[in-house]
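Worksheet for the structure shown next.
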Amino acid sequence: MPDGARPQGAPDVARSGRGPTRSVAASIGLGAGWLARTTRRGDGVQIAGRVMLRLSPSIGRRLAAGRRVVLISATNGKTSTSAMLAAALRAGGEVVAHNASGANLMPGLVAALAAAPNATTAVLETDEGALIQALRDLAPTVVVLGELSRDQLDRYHEVRALAQRWQGALSGTRATVVAVANDPNVAWSVEGVETVRWVDLQLPARLDTASCPACARLLEHAASGWRCHGCGRVQPTAITTVQRSNQVAINGTTIGLDLGLMGAWQYANAALALTAVDALGLEPRAASVAMASVREVANRPTRVALDGTHHAETVLVKNPAGWTALVAELAGREPDVGVVVVQNDRTADGRDPSFLWDVPFESFAGRRVGAAGTRAYDVATRLDLAGADVVAVDADPLVVARRLASAGPVVIAASYTSFYEMVRRVARGRGRRANGSSAGVQHHVAASVSSDARRPSMATRDSEIAIGLIYPELLGTYGDRGNAVVLRERLRRRGIAARVVEVAADDAVPSGLDCYLLGGGEDLAEIAALDRLEHAGLRDAWTRGAVVVGVCAGLQLLGSRVLLEGTLRDGLGFFEATTEPGPARCVGEVAIDASDPTLGVLTGFENHQGITAVGGSARPLGVHGDGREEGILGERLIGTYLHGPILVRNPLLADRVLTWMVGPLAPLDDGFEDKLHGARLRAVARAKGASRTNRLRGRLREQLQ
Ligand code: GLN
């Protein structure tokens, strides 16, 4: 609940004379929130706001009228940026409405406004999707836009698509927009805005910024910023620049910062907050002192008691960009610091944890780690294949943390719902297992066997197997990198030398690789990839005996035709197939009955707009529960819509691909991949309402025995 959000705050609204509807709806809503809190059904903010919006859908407009509203949105950092801005404004004597607990959907925004009727300014952290409605309903004075990167792709879909929705909603706004100049998607989204104050965070190029959001050409990223050689767009000139980690220059004045929040990335958030302060007509230097006093936001970080003597530092991590920053921070800590990685797959966490493959967990190699959450086996597999020492796996993060705590300090890094579940358990003084958190994960403690010890002794081949990961910055949006890693590791465990060759989009595709992997990507990135692949000689390599695997965008490109951005283009022609945008995006967990019975049931996660009609006599990879065919299984060729990554989740399929490269292989049954496969099959078997053919049902039963 935001500061001062007590139900008794509401009656003031009536006194302010802004109309009876607002008063009644706001009072009832705040009352409902108070009730929810006292009966321990959450912190009440969402409920309060939902009741208000139900009673009066236009309440936001009335609650915002006559005050300065600042909306803050980004993939990461919006809670911290808002907290620093609110602190700065309060220090300047303003009464501020603020959704400090991080309730950033429309209900949270209206609840924060209603709870502080005397506030002259509102500082509202806003969910990236909710920004569209908030812009319309709350008529903001200032909008702060930080970086966008992949996050909960099952909900927001792709980054450029989100930027496009922002562009439509921001066009013609009268607000002053504070925007990150480094992010080409954000820069593109504010092209219809009259007043923009640019901030240069001085960050290196990241995921999701490889191609131009306007014209699909590959962008050039240099120290001076990004540039498109297709349409001529360049990184805008900023008025605020992060100079060194602890210095920000704004309008030519340098301000030193000594922040109380952990993490180098907080200086980027501070630069955005200072620019917003400036846009509101306040003095940035004075504000910087108040910003330094912020030491904790929305209970983050939190200390969790594990038992009488041990504690764990607990942090929230939501997506690849957040994880990448945290991994860099943790890799700098002493080697005896154990890390518990917790991943749930509820709506607020994102239902597809494939993104764990975008995180450079390789810097945890040799470190003691644990895996927890509803997707503990996805985590364990990722960490194990990164070379970390996976000591414990359990749905309950505290069970795992206790095991690690005997050998040194512990950090728990948790996804959204697991983080707040722990905060609630701590608040209630209970360390016992959270309700329902064991779904799909049986208690299991891995014997601490190093990967070396697992390798059967086998004659080493003369030449190293080369596994090509093609254009990962364009065709790597959905975590398909894991397919390359699992192939390499399953060869190495059998004593066969193997390496992954990453082919960047501005490099030529080498012709002599043993395997070519094409992953999923956004529509415009897919066009950029197709332009290059046309001349890459992929079909020649395949004809000469190489293996080709295309996932999602990769599958679409391997077909004969693909309709992208309104133009029907020739694909690479590996098989007869046409892809066109379907009526609705297909998003969700999938299990298919493999057309080759020795491959069993295959599991994955799909997320795509395109629908592919396969012609000719191609054999499907498998059949969905409702009888639809999925993908292609050809001669040294796989095309499929399944992420997961598919070869990580389905070790039999991974071994089939390897057999095409190196001939018959001895089975490997001691990796986490098998446990992950079993966990996903159990999840499918439990899922309610899933349509299943008798055959798929029978196959599931067989495999689960
Ligand atoms: N952008 C393509 C589509 O939506 C492919 C998506 C993907 O690779 N997951 O159809």
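The values are calculated or read from the model by the stated rules, or taken from the named source; none is laboratory data. Just so it is clear, the structure is predicted and the values come from calculations on it, not from any experiment. Neighbour counts are summed over all protein chains in view; Cβ atoms, including those assigned to glycine, are modelled from backbone coordinates with ideal geometry. Accessible surface areas use protein heavy atoms only, side chains included; no ligands, DNA or RNA. Shrake-Rupley method; radii C 1.70, N 1.55, O 1.52, S 1.80 Å.
For a label point 7 Å from the Cα of Asp570 along Cα→C-beta, name the residues of the range 530-551 whose backbone N is under 16 Å from it. Within reach of a label on Asp570, which here means backbone N under 16 Å from a point 7 Å along Cα→Cβ, the range 530-551 contributes 530-540. Name the residue farthest towards the positive end of the dipole of the chain from the options Gly373, Pro583, Val509, assuming +1 on Cβ of Lys and Arg, -1 on Cβ of Asp and Glu, about the Cα centre. Highest projection toward the positive end goes to Gly373.
Please work out the FRET efficiency for the pair Ala427 and Thr195, using the Cβ-Cβ distance as r and a Förster radius of 41 Å; give the result to the nearest 0.05.
On the way: r = 43 Å, r/R0 = 1.05.
That gives a FRET efficiency of 0.45.
Of the residues Gly644, Ala683, Ala594, the one whose Cα sits farthest towards the positive end of the charge dipole of the range 552-705 is Ala683 (charges of +1 on Lys and Arg Cβ, -1 on Asp and Glu Cβ, taken about the Cα centre).
About its Cα centre, the dipole of the range 189-237 is roughly 100 debye, where the only charges are +1 on Lys and Arg Cβ and -1 on Asp and Glu Cβ. Simple point charges give the picture: +1 on the Cβ of Lys and Arg, -1 on the Cβ of Asp and Glu, and for the chain a dipole about the Cα centre of about 2580 debye.
Between helix 20-38 and the chain there is an angle of about 60 degrees, using the helix long axis and the longest principal axis of the Cα atoms. Evaluated at q = 0.13, 0.15, 0.25 Å⁻¹, the base-10 log of the normalised Debye intensity for the range 485-580, with identical point scatterers placed on the Cα atoms, takes the values -0.47, -0.62, -1.39. Considering only protein heavy atoms and a 1.4 Å probe, what is the carbon-and-sulfur percentage of the accessible area of the range 532-661? The value for the range 532-661 is 48 percent carbon and sulfur by accessible area. Distance between the modelled labels on Arg61 and Ala222, one decimal in nanometres: 4.9 nm (7 Å Cα→Cβ projection). Reducing the range 201-243 and the range 96-130 to their Cα centroids gives an inter-centroid distance of 32 Å. Compared with the dominant Cα axis of the chain, that is its longest principal axis, helix 45-55 is turned about 80°. Exposure check, 1.4 Å probe, all protein chains in place: Arg155 carries approximately 100 Å² of accessible surface.
How much length is gained if the chain between Ser511 and Ala328 is pulled fully straight, taking 0.36 nm per residue apart and subtracting their Cα-Cα distance, in nm to one decimal?
On the way: separation 183, 0.36 × 183 = 65.88 nm, distance 3.47 nm.
Contour length minus the Cα-Cα distance gives 62.4 nm.
Taken about its Cα centre, the range 588-693 carries a charge dipole of roughly 280 debye when the Cβ of each Lys and Arg holds +1 and the Cβ of each Asp and Glu holds -1. Can you tell me how the range 628-705 classifies by the Cα gyration tensor, rounded, prolate or oblate, using a/c under 1.5 as the rounded cut? Since a/c reaches 1.5 but b/c is at least a/b, the shape of the range 628-705 is classed as oblate. Modelled label positions at Glu702 and Ala613, each set 7 Å beyond Cα in the direction of Cβ, lie 3.3 nm from each other. The amide H of Trp226, built 1.01 Å from its N in the peptide plane, has Gln235 as neighbours under 5 Å, considering only residues 5 or more places off or on other chains.
The peptide list 557-569, 67-79, put in order of mean Cβ contacts within 10 Å with the highest first, becomes 67-79, 557-569. Cα centroids of the range 323-346 and the range 403-421: 9 Å apart. Here is the size of the range 339-430 from its Cα atoms: Rg then Dmax, 12.6, 37 Å.
Using square roots of five times the C-alpha gyration tensor eigenvalues, list the equivalent-ellipsoid semi-axes of the range 58-206 in whole Å, biggest first.
Working: eigenvalues 114, 52, 44 Å².
Over the Cα atoms of the range 58-206, the semi-axes work out to 24, 16, 15 Å.
Working ranking of peptides 231-243, 669-681 by packing, defined as the average number of other Cβ atoms within 10 Å per residue, highest first, is 669-681, 231-243.
When the alpha-carbon atoms of the chain are used, the pair Rg, Dmax equals 26.0, 85 angstrom.
Counting only protein heavy atoms and a 1.4 Å probe, the range 301-356 has 38 square angstrom of accessible area per residue.
Farthest toward the dipole's positive end in the range 462-573, which of Ala498, Ile467, Cys552, given Cβ charges of +1 (Lys, Arg) and -1 (Asp, Glu) about the Cα centre? So the residue furthest toward the plus end is Ala498.
Highest mean packing comes first when the peptides 181-189, 614-622 are listed by Cβ atoms within 10 Å, giving 181-189, 614-622. Only helices enter this figure: runs of n ≥ 4 DSSP H residues, each worth -39500 (n - 2.57), summed and divided by the residues of the chain, yield -10000 deg cm²/dmol at 222 nm to the nearest 500.
Mean sequence separation of contacting Cα pairs (under 8 Å, at least six apart), scaled by the length of the range 185-329, corresponds to a relative contact order of 15 percent. Residue by residue, the range 323-331 carries 3J(HN,Hα) couplings of 5, 4, 5, 5, 4, 4, 5, 6, 4 Hz when phi is fed to the Karplus relation 6.51 cos²θ - 1.76 cosθ + 1.60 (θ = phi - 60°); x denotes Gly or Pro. So what's the gap between the Cα centers of the range 161-196 and the range 589-626, to the nearest angstrom? Spelled out, the Cα-based centre of one part sits 39 Å from the other. Once backbone amide H atoms are built at 1.01 Å from N, Phe575 has Ser560 as its partners under 5 Å, excluding neighbours fewer than 5 places away on the same chain. Among the cysteines of the chain, Cys515, Cys552, Cys586 have no other cysteine beta carbon within less than 4.7 Å of their own.
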